[in-house]
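Down below is the structure, laid out as C-alpha cells.
All of the numbers you see were taken from the coordinates with simple rules; none came from a lab. Small disclaimer: the values here were computed from a predicted structure and weren't measured. Quick reminder, even Gly has a Cβ in these numbers, built from the backbone with ideal geometry, and neighbours come from all protein chains shown.
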Ligand SMILES: Nc1ncnc2c1ncn2[C@@H]1O[C@H](COP(=O)(O)OP(=O)(O)OP(=O)(O)O)[C@@H](O)[C@H]1O
C-alpha cells in the first residue's frame, strides 16, 4: 500500500437467520406478508425509480451544509467520459464508499477528488472551500498538496529504509520535534503498533503494514482521507476484520473518509454511506441498510446482497405473487378512520418483479405454506437454501444451520416482506442470484 499524505500543513448485510422459534416469527405467523413504510405522513413512494442516487434520508442532507460535497462531477480521458455527473455529500466524521465493478470509474472519481485528475465539470467542496475552478474547463483551483487530504492506496509502498515511526512522521516535517514525537506516539498507539515502532516495514505482516500506512496518512490530521482498495492485498478473513478496525480508528479520530472498493462486505463493514457506481454514474448513495432493503434499481438490488426477483401482478391495494398477496401496511386513514391503501405507480394488472431477500423467507416447520429445497450451501451458522415455489420460481432463504433439510424435501416457509421493493419487469433478466455459486460448496438438486 502506498500511503501519501497530501496535507501540506501537517449492519455484513445485517442478514440474520430467523428460526421459527423467535418471538418475531411467532408474531408474524399466519399473517399475510406485509410491507412496512417508514414515512407515514407523506404519500409513500412505492416504486422507487433511479431518478436520484440519494435515498430519502440522504436527500434531506442536500439541503444541509455538508462538510464534503461533490456536485455533478465530470471526469474523462480524451473523448471518453469516465465519471459522469457524480454527486454526493458527507458530514464531518462520516465514511463514504464507492462500490462498483472493475472499470466503473471509482478510482478516477477518487483521484479527481484528490486533484490528481482534472475535472471537466462540476464542483467539489471541502470544509466550506471550493476545490474546483468552475471557469477553467480542464483545471482545478486547489492543487492536490493544498487540499488537506490524506491517501491510502492499494500497494503498501512504505519507505522500506525507514522505521515504522519514521514512516509515520514523514508528513510532519513542519511540526516541532516535540509535537512530532507526541503525534507519532499517538498514532502508534491508535493503530496498536507501539512495540513495533523501530521495526522496518518488511518485518511486519501485511495487515500491520497497512496500519502503518493508515497511521502515516492520519498523522497530519487530513480534512479528508481517501482509501483506494486498501485491503485488496490481504486475505479475505483479514480484510473484514481490518475494515472494522479501520472504521473504529476513523470514528475515534472523527475522520471524514472515502473508500473505493469492489467488495460489498468491506464497504458495509466500513462505510456509513455507500455509493453504487455503474459506468461512471452513481446509481445510489445511501446507507448499507437502505441499499440492501431499498435498492433503487435492479442493478443495485443484484449488486448488493443476495436475493431473487419473483413475478408479481399489481392488484387493488396489493401485489399478487407466488408467495401470496403482499399488502402494504396501512398507515393513512380516511375521514372515517378507514385505512387507505397506498397508491401504486402502475395500474392494476401491471406485471412487476418483487425483490425477495434471503432474510425475507422465514423457515417455519408449522407453516401451511411450503417450498421445495432445490439447493443449499452450508455457511456454519446458517444454511442458504434455494427454495422452489409451487409455480417453479425460486427464492433464497437463510436458515439457522440446525435446521438441516435435505435437498428434495418440502419445508414450511413464512414470507416476511418488510421492505418490499418492486420493479417494472422490463429489463430484468435475473430471477435468483447469490454469491454462493462462486466460492462455496453448493449442493443442488440433480
Ligand atoms: N489515464 C487514463 N487514460 C485513459 N483511460 C483511463 C485512464 N485511467 C483510467 N482509465 C479508464 O477509465 C475507466 C475507469 O477506470 P477506473 O480505474 O476509475 O475504474 P475502477 O472502477 O477504479 O476499476 P478497478 O476496480 O479495476 O480499479 C477504465 O475503463 C480505465 O481503462
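If you count, for each residue, the other Cβ atoms within 10 Å and average over each peptide, how do 88-94, 395-401 line up from highest to lowest?
On the way: 88-94: 18.7, 395-401: 23.1.
Put in order of decreasing packing, that is 395-401, 88-94.
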Averaging the inverse of every distinct alpha carbon separation and then flipping it gives the Kirkwood radius. What is it for the stretch 195-330, in angstrom units? 17.7
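Highest mean first, how do 70-76, 291-297 rank when packing is the count of other Cβ atoms within 10 Å averaged over residues? Spell out each step's value before the answer.
Numbers: 70-76: 19.3, 291-297: 23.9.
Result, highest mean first: 291-297, 70-76.
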Based on other C-beta atoms within 10 Å, arrange 125, 385, 101 from fewest to most. 101, 125, 385
One can check that the equivalent ellipsoid of the stretch 62-101, built from the alpha-carbon gyration tensor with semi-axes equal to the square roots of five times its eigenvalues, has lengths in Å, largest first, of 24, 13, 7
Projected area, mean over directions - the stretch 93-217, Cα convex hull, nm²: 9.6
Mean-position separation - Cα centroids, the stretch 371-396 and the stretch 280-301, in angstrom: 25
Please report the spacing between the Cα centers of the stretch 212-272 and the stretch 151-185 in Å, no decimals. 18
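Calculate how large, on average over all directions, the projected area of the Cα convex hull of the stretch 171-253 is; give the answer in nm² to one decimal. Don't jump to the answer; show the numbers that get you there.
On the way: hull surface 23.2 nm².
Projected area, direction-averaged: 5.8 nm².
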